[in-house]
């Protein structure tokens, strides 16, 4: 409807010069990184990163590697979906990794079987009443843990006005402490078969994709999404427009907390055990995925699609280093550099945007 | 019905010991456009902030639309029909024009609490209509307003106010940061409000603009209203003498 030459104050609008969507840039980056590993692999190892080079396996692509990448990305990716929403409102959530640990412990306690190979469960937390419960019980209790953590985070941020960084840092430490206290540091194992099934095979990937699609739609088409962007963009203006910013923030942190607990259920089911130190550093991986995917730490910008692509980039880089037989120590160092690099890139983007006005 | 859409009686605001606004008695008729002028720190913005309830007054009464009001905040004032363009732009930079226009009063296709589905098509159509009636030209309403010039953004802000204007519009220096052409456009919007009979309080430093647009001029000096003059019974020099205090003491 907008006429292309409908100028104002001598300004002309040229639709062909419309800025490329950020997601496209991120996607191109993904392709370049994959290509880089492919080339490095061929040069250094004489092996392909992407394609199948074994005679005993069928297929064009190295499906084994690709499925490992996606599977690795899926769990933290679920957290990243929630973290993305928090960052879009201008906040940050450092507690998600610890919430994963706490939720895994609690949920697993309600997912245990009474008998292991005919013997009583050696890792039993509760008495017989908590054994062989329907699958819904550990799931709902797990989601409840995320909800409570999110409520506390959100209420602290919205009503005490302390910086989100501090509020969620406190939750990060406390939730980890809670996870250790829950079973005095012992792992919790031997879940029911139905609980095991949640994280088996490629199911975590389907959970990740389903949640990504759901929240993409929510962020794009609903009031919740619109107001999240508005708050991250200009909180004062949003408040003046009559939106209950505080209540909205609580909801955003609750959703992020619950997504962390979904990840906890998936990861504890996949590993068939829960440990207090589960999910350590997940929060930073999730933030890294979001930032790589073009989510601005200033708030207001980014999308779930961006985060999904960012998660893939993250997974490809980690997998690529393993493929190149790079030592695990180097991987950690490089991971840190990637996170910082992505934020630096975001700052540059903002500056160049600012200059264009 | 009373003659006045807005009336203040003895409106006073003190910040600690500072009397920012003293005993302001002010009236605004239906459909009337009034300018509020004065030097920096004369109390113009303070006056506006008491009416829109951005701040709570220390003393006095505000009578709006025939009844005394005690707004808890700017939101309540807006819900009662007072639309305000603030000095600082109240826009979300990362949202497009329709989203900004409808921020906080979105239209929905389907109600579901926070997850209500937005009716983007209707909001966009209504935005185009609103821009048309206010004669605001925005090259592409689907762009985030971050990419627009200060003038265009101010126009969006004012178009929002004008589009939803119900009973009273207040503008606090709407053209302070604008270029010539953009200022002209904002002034056109104001004339449009006059034609539609929407009353306006315009805070401005620009006397040329004030004489161009409004019916009456109210001068503030040192927190007090020192003059209230119809446009045709005064001139620029007269107003300046009131602003600077050469003339004064006329109780209104």
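Quick notes on this one:
- Average Cα contact separation per residue, region B:4-244, under 8 Å, 6 or more apart, as relative contact order %: 28
- Between residue A:181 and residue A:351, the FRET efficiency estimated from the beta carbon spacing at R0 = 41 angstrom works out to 0.35.
- Remark: mean inter-chain Cβ contacts per residue of A:292-300 equal 1, using a 10 Å Cβ-Cβ cutoff to other protein chain atoms.
- With eigenvalues of the C-alpha gyration tensor scaled by 5 and rooted, region B:10-134, Å: 34, 16, 15
- Per-selection Kirkwood Rh - region B:118-161 (Cα, Å, 1 d.p.): 10.8
- Cα-based Rg of region A:16-126 normalised by 2.2 N^0.38 Å, two decimals: 1.66
- Protection proxy ranking of A:288-295, A:201-208, B:9-16 - average other beta-carbon atoms within 10 Å, highest first: A:288-295, A:201-208, B:9-16
- Taking only the Cα atoms of region A:45-190, the ratio Rg/Rh comes out at 1.12, with Rh defined as the Kirkwood radius.
- In nm, spacing of pseudo-spin labels at residue B:117 and residue A:136 (7 Å Cα→C-beta vector): 2.7
- Computed [θ] at 222 nm, deg cm²/dmol, chain A (DSSP H ≥ 4; -39,500 (n - 2.57); rounded to nearest 500): -22000 deg cm²/dmol
- Relative compactness, region A:176-261, computed as alpha-carbon Rg over 2.2 N^0.38 Å: 1.55
- Axis angle, to the nearest 10 degrees, between helix A:282-292 and the longest C-alpha principal axis of chain A: 20 degrees.
- Shown here are the Rg and Dmax of the Cα trace of region B:142-188, at 11.1, 32 Å.
- Residue exposure sequence - B:52, A:222 - by fewest surrounding Cβ within 10 Å: A:222, B:52
- The mean sequence distance of close C-alpha pairs (under 8 Å, at least 6 residues apart), as a share of the length of region A:5-156, puts its relative contact order at 12 percent.
- Here, region B:4-244 yields an orientationally averaged convex hull projection of 13.7 nm² when only Cα atoms define the hull.
- Test item: A:240-246 mean partner chain Cβ contacts at 10 Å: 6
- Once Rg and the Kirkwood radius are both taken over the C-alpha atoms of region B:148-220, their ratio Rg/Rh works out to 0.93.
- Contour minus Cα-Cα distance for residue B:67 and residue B:181 (0.36 nm per residue): 37.1 nm
- Shown for A:253, A:195: other C-beta atoms within 10 Å of each C-beta, ranked fewest to most, produce the order A:195, A:253.
- Using alpha-carbon coordinates, inclination of helix B:120-133 to the longest axis of chain B, degrees: 40
- Highest average packing first - A:93-100, B:66-73, A:338-345, Cβ atoms within 10 Å: A:93-100, A:338-345, B:66-73
- Shielding value for A:160-171 is 0, the average number of Cβ atoms from other chains within 10 Å of each residue's Cβ.
- Global form of region B:17-91, assessed from the alpha-carbon gyration tensor, a/c cut-off 1.5: rounded
- Among A:43, B:6, a tally of other beta-carbon atoms within 10 Å of each Cβ gives an order, fewest to most, of A:43, B:6.
- Between the helical axis of A:136-159 and the longest alpha-carbon principal axis of chain A there is an angle of about 40 degrees.
- The Rg/Rh ratio of the protein assembly as shown, with both radii computed over alpha carbons and Rh defined as the Kirkwood radius, is 1.09.
- Expected-Rg normalisation [2.2 N^0.38 Å, Cα atoms] applied to chain A: 1.08
FYI, it's all coordinate maths here, none of it is from the lab. The structure displayed is predicted, hence computed values, not measured ones. FYI the Cβ positions are ideal-geometry reconstructions off the backbone, even for glycines, and counts take in every protein chain you see.
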